[in-house]
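Quick note: the coordinates plus some simple rules give every number you see, no bench work behind them. Note that the structure is a prediction, hence the values are computed from the model and not measured. Backbone-built Cβ (ideal geometry, glycine too); neighbour counts: all protein chains shown.
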Amino acid sequence: MDLKDILAISGQGGLYKFISQGRQGIIVESFDDKKRTCIYATQKVTTLEDIAIYTDEKEVPLADIFKSIFEKENGGETINHKSSPEELKKYMEEILPEYDRDRVYVSDIKKVVNWYNILHKLKLLKFDEKKEEKEDKKKKEEKTTEAKEGQKVEGKEEQKADAREEIIKARKQTPRYKGAGTKAKEHTKINVSHKGKSSQKV
């Protein structure tokens, strides 16, 4: 079930499928009667993927709400969206006990159960396939990560080996001097001649 192409349009009941981008808006098709129409930019359009339900601590994506209903009903339809407000509230408490009572209205609950039943009728609620796709994707990502980590380790070992070779090579090429750092002393020799004169030789 891909909710990004399923649209809810403000002021119009039911759900719509995105078809294409038009000059003045978007072209959509009704899931109910299959009629196509143009929705203008001034109209409020929301994909089901972007809808979430408020709770006391966070927002729960609509897809997760649909999954909870699907599991509760064992894959069947849910209650009618025209049920009494008390029945709708009680039902929402069963599928999402922590939902925010102050920000989630009965009209919102009606939309959720109505949308679920529409998608159920169209056989678009396929949570098992989606779960398997996610698991396969996760496994592929894990394998890719492991392969990358292995390449990193091998690369580091090669860098270390290259560095050791460079050090050894540099040592062999560096000349060694004996007595390095010392300065030869100047020696002065004085020769005394037999005639009593001296000459200095450096």
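Annotations
- Charge-dipole axis of the stretch 52-138 as Lys and Arg at +1 and Asp and Glu at -1 on Cβ define it, positive-most pick from 83, 61, 119: 119
- Phi-based couplings in Hz for the stretch 76-82 (Karplus 6.51, -1.76, 1.60; Gly and Pro marked x): x, 6, 10, 5, 6, 5, 8
- Taking other residues whose beta carbon is less than 13 angstrom from the beta carbon of residue 117, and scoring Lys, Arg as +1 and Asp, Glu as -1, yields +2.
- Distance between the modelled labels on residue 122 and residue 38, one decimal in nanometres: 2.3 nm (7 Å Cα→Cβ projection).
- Residue list for the stretch 95-113, given a label point 7 angstrom along the Cα-to-Cβ vector of residue 71 and an amide N cut-off under 15 Å: 95-98
- Panel order for 124, 88, by other beta carbons found within 10 Å of each beta carbon, from fewest to most: 124, 88.
- Full extension of the chain segment joining residue 94 with residue 82 gains 2.5 nm, where the gain is 0.36 nm per residue of separation less the Cα-Cα distance.
- The stretch 14-27 - phi-based ³J(HN,Hα) in whole Hz, Karplus 6.51/-1.76/1.60, Gly and Pro as x: x, 10, 9, 10, 5, 10, 6, 8, x, 5, 10, x, 10, 9
- Pairwise label distance in nanometres, residue 55 with residue 159, each label 7 Å out on the Cα-Cβ vector: 4.3 nm
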